[in-house]
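The values are calculated or read from the model by the stated rules, or taken from the named source; none is laboratory data. Just so it is clear, the model here is predicted, and its values are computed rather than measured. Cβ placement follows ideal geometry from the backbone for every residue including glycine, while neighbour counts extend to all protein chains displayed. Remember, those area values only see protein heavy atoms, side chains included, never the ligands or the DNA or RNA. Shrake-Rupley method; radii C 1.70, N 1.55, O 1.52, S 1.80 Å.
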Amino acid sequence: MFDHLVESGSHSADLKRKGSFLAGFAIFYIIVIAVGLVVGILLAPAYIDQQNLDLVTLIAPVPVQQQQVKREEPKPEKINVDKNVDVRRELIADVTRTDLVPKTISAKASDVPPVRKGVVTMVGSSNSNATAPMAPGSGTGSIISGPTTVQVKTDDAPPPPPKPTPRAPISGGVLNGKAVRLVQPPYPPIARSAHASGQVSVQITIDENGNVISAHAVSGHPLLQAAAVGAARASKFTPTKLSGQPVKVSGVIIYNFVAQ
């Protein structure tokens, strides 16, 4: 009966073999993970260096100014006086008012309507009737006048007298005989020693008062011209008038130097 019994040995060896396999497999995975961590740590600085790190500046937002809302002030209500009173360009009484006498009598009818009885009327720039007539007060008058502008016309100042138009100097020819004071030139010593003599003609211009305003020699000995020009400038002449107005005169003074 017990010939076919199989003796079962101990399972401790099998369990030991499986335990060794699992331990070796776990140690392998731990080593791989450790190697990966070490390699990652070593390669991390190189990866960081390759990255483009830009410095970003933070800017605070610009505050938006709130728009100031202008408050519209309520406009004062304008009281329309025309609704309560009549407006006339000219106060003309009704024909029934026999107590009022018109200033002027005309055959042409006026385009201004007469003042209505029992309605306050004011003077204005147009003719209109009130939509809500206002009865006159307890006073005796029934006509009011609005603000009017009074223009005062003053006499214009007389215009200034016209200024005389300047005229060109007229030619007077030889002016020796028209001189009030004809100054005689001295005989220059240098001209006397050189025996210089003869006539010297000086062109002059006389103003409206008879004064010489310009003089220059036009002929004569050069040694005698300076003395002749000085004497001509010091001379005085009678003012010349043309059509009642003084004018300038141009002419010639002749000096005769005689050698002695």
Looking only at segment 175-225, count every residue that is aliphatic (A, V, I, L, M) and under 60 Å from the mean Cα position of the chain (by Cα) and tell me the total. 11
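Residue-wise test of (1) surrounded by fewer than 16 Cβ atoms within 10 Å (Cβ to Cβ); (2) under 20 Å from Thr238 (Cα atoms); (3) modelled with pLDDT of 90 or more.
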{"site": "Ile190", "(1), (2), (3)": "yes, no, yes"}
{"site": "Gln203", "(1), (2), (3)": "no, yes, yes"}
{"site": "Asn211", "(1), (2), (3)": "yes, yes, yes"}
{"site": "Ser214", "(1), (2), (3)": "yes, yes, yes"}
{"site": "Ala217", "(1), (2), (3)": "no, no, yes"}
{"site": "Pro222", "(1), (2), (3)": "yes, no, yes"}
{"site": "Gln225", "(1), (2), (3)": "no, no, yes"}
Across segment 237-254, what is the total count of residues that are closer than 14 Å to Pro185 by Cα and either aromatic (Phe, Trp, Tyr) or without any contact (Cβ under 8 Å) to a residue 60 or more places away in the chain (or both)? 0
Just a yes or no: is a residue in segment 164-177 farther than 30 Å from Glu90 by Cα, at pLDDT 90 or above and small (Gly, Ala, Ser)? no
Among the residues of segment 227-260, how many are surrounded by 18 or more Cβ atoms within 10 Å (Cβ to Cβ), among the small types (Gly, Ala, Ser), closer than 13 Å to Ala179 by Cα and out of contact with any Ser or Thr (no Cβ under 9 Å at 6 or more places or on another chain)? 3
Cβ contacts < 7 Å: first residue under 12 Å from Leu91 (Cα atoms) and among the hydrophobic types (A, V, I, L, M, F, W, C), restricted to segment 108-124; second residue at pLDDT 75 or above and open to solvent by 70 Å² or more (accessible area, probe 1.4 Å), any location; separation 6+ or different chain. Result? Val112/Arg89; Val112/Glu90
Scan segment 198-220 and give yes if some residue there is more than 14 Å from Gly172 (Cβ to Cβ), assigned to a helix (DSSP H, G or I) and touching a residue at least 24 places away in the same chain (Cβ under 8 Å), otherwise no. no
Here is a list: Val101, Val95, Val119, Val87. Which entry is under 55 Å from the mean Cα position of the chain (by Cα) and either at pLDDT below 75 or in a loop (DSSP other than H, G, I, E, B) (or both)? Val119
Tally of residues being over 24 Å from Gly251 (Cβ atoms) and open to solvent by less than 50 Å² (accessible area, probe 1.4 Å) across segment 192-201: 1
